[in-house]
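Enquirer: Here it is, the structure in full.
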Amino acid sequence: MADYKSDYLNSVLESYRMKHIEELINTYRTKRNAIKLFLNKQYGSHIYEPFNSGSYKKHTAINTKFDLDLVVPFKRNAFSTLEDMFEDVFEKLTEKYQHETTIKKQGVSIGLTFNEEDEINIDVVPARETSQDSFPLEKNLNLHKTQSDGYLKTNIHAQIEHIKAKENERKVIRLLKIWKACHQYKYKSFLLNYW
């Protein structure tokens, strides 16, 4: 009986793997890379190199509902407040992409939805190092929370490394996301990444 359940769950996981939509993923990557180039050009020496994050980077994405995430780590002195940083990135993205995408403020990110043949969702996460010149070594970042007057301290690199070596945990996360998608539950998927 256990083998049957295991085989069934593995077949479910296989059917939702990202490799089945590789052409679409390449379109997503192209959009994300264009946004990355644009932001590098806009902010130059005020940022560190933007990097990929989120469920795709953590290998917990499923092929029915996903986005690609791009973190833009600003240097501490680039903006006086996290809100100023967030608003400036939002304005620049709106200026550049308003005629080809829907742009909205989300919890700690800016969501861009490109309505092409397939809907393409990219989340841009403006972040700022916690203290001057600390990001290259520590990787700690502060994120602006749009729903409150607060911030969230995080280490996205540590989160990625934490889950990278945990194949069984990633499978469970993907199965829970599949279950959530099939039953159309509304809770946030990122909560599944924290045990």
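The values are calculated or read from the model by the stated rules, or taken from the named source; none is laboratory data. The model shown is predicted, which means the values in this text are computed figures rather than measured ones. Quick reminder, even Gly has a Cβ in these numbers, built from the backbone with ideal geometry, and neighbours come from all protein chains shown.
Enquirer: Are any of the residues in region 48-66 more than 30 Å from GLN132 (Cβ to Cβ) and in contact with a strand residue (DSSP E or B) (Cβ under 7 Å, 6 or more places away or on another chain)? Before you say what the answer is, go through the steps one by one.
Expert: In the first step, residues of region 48-66 are kept if they are more than 30 Å from GLN132 (Cβ to Cβ); the result is 55-56, 59-66.
Those still in the list that are in contact with a strand residue (DSSP E or B) (Cβ under 7 Å, 6 or more places away or on another chain) too: 56.
Yes, there is a match, as at least one residue in region 48-66 is more than 30 Å from GLN132 (Cβ to Cβ) and in contact with a strand residue (DSSP E or B) (Cβ under 7 Å, 6 or more places away or on another chain).
Enquirer: Scan region 59-68 and give yes if some residue there is modelled with pLDDT of 90 or more, surrounded by fewer than 17 Cβ atoms within 10 Å (Cβ to Cβ), closer than 30 Å to CYS182 by Cα and under 20 Å from the mean Cα position of the chain (by Cα), otherwise no.
Expert: no
Enquirer: Got a number for residues in region 126-156 being free of Cβ contacts under 8 Å to residues at least 24 places away in the same chain and either in contact with an Asp or Glu (Cβ under 6 Å, 6 or more places away or on another chain) or not in a strand (DSSP E or B) (or both)?
Expert: 7
Enquirer: Here is a further query. Within region 16-46, restricting attention to residues that are surrounded by fewer than 12 Cβ atoms within 10 Å (Cβ to Cβ) and polar (S, T, N, Q), which residue is nearest to SER134 (Cα to Cα)?
Expert: Filtering first and then ranking leaves SER45.
Enquirer: Does at least one position in region 29-42 carry a residue that is at pLDDT 95 or above, under 23 Å from GLY150 (Cβ atoms) and touching a Pro at 6+ places or on another chain (Cβ under 9 Å)?
Expert: So far as region 29-42 goes, no, none of its residues is at pLDDT 95 or above, under 23 Å from GLY150 (Cβ atoms) and touching a Pro at 6+ places or on another chain (Cβ under 9 Å).
Enquirer: Further, regarding this structure: Against the condition surrounded by fewer than 18 Cβ atoms within 10 Å (Cβ to Cβ) and not in a helix (DSSP H, G or I), how does GLU49 come out, does it pass?
Expert: Spelling it out, GLU49 is indeed surrounded by fewer than 18 Cβ atoms within 10 Å (Cβ to Cβ) and not in a helix (DSSP H, G or I).
Enquirer: Output the residues belonging to region 74-121 that are touching a helix residue (DSSP H, G or I) at 6+ places or on another chain (Cβ under 8 Å), buried (at least 17 other Cβ atoms within 10 Å of the Cβ) and in a loop (DSSP other than H, G, I, E, B).
Expert: LYS75, PHE79
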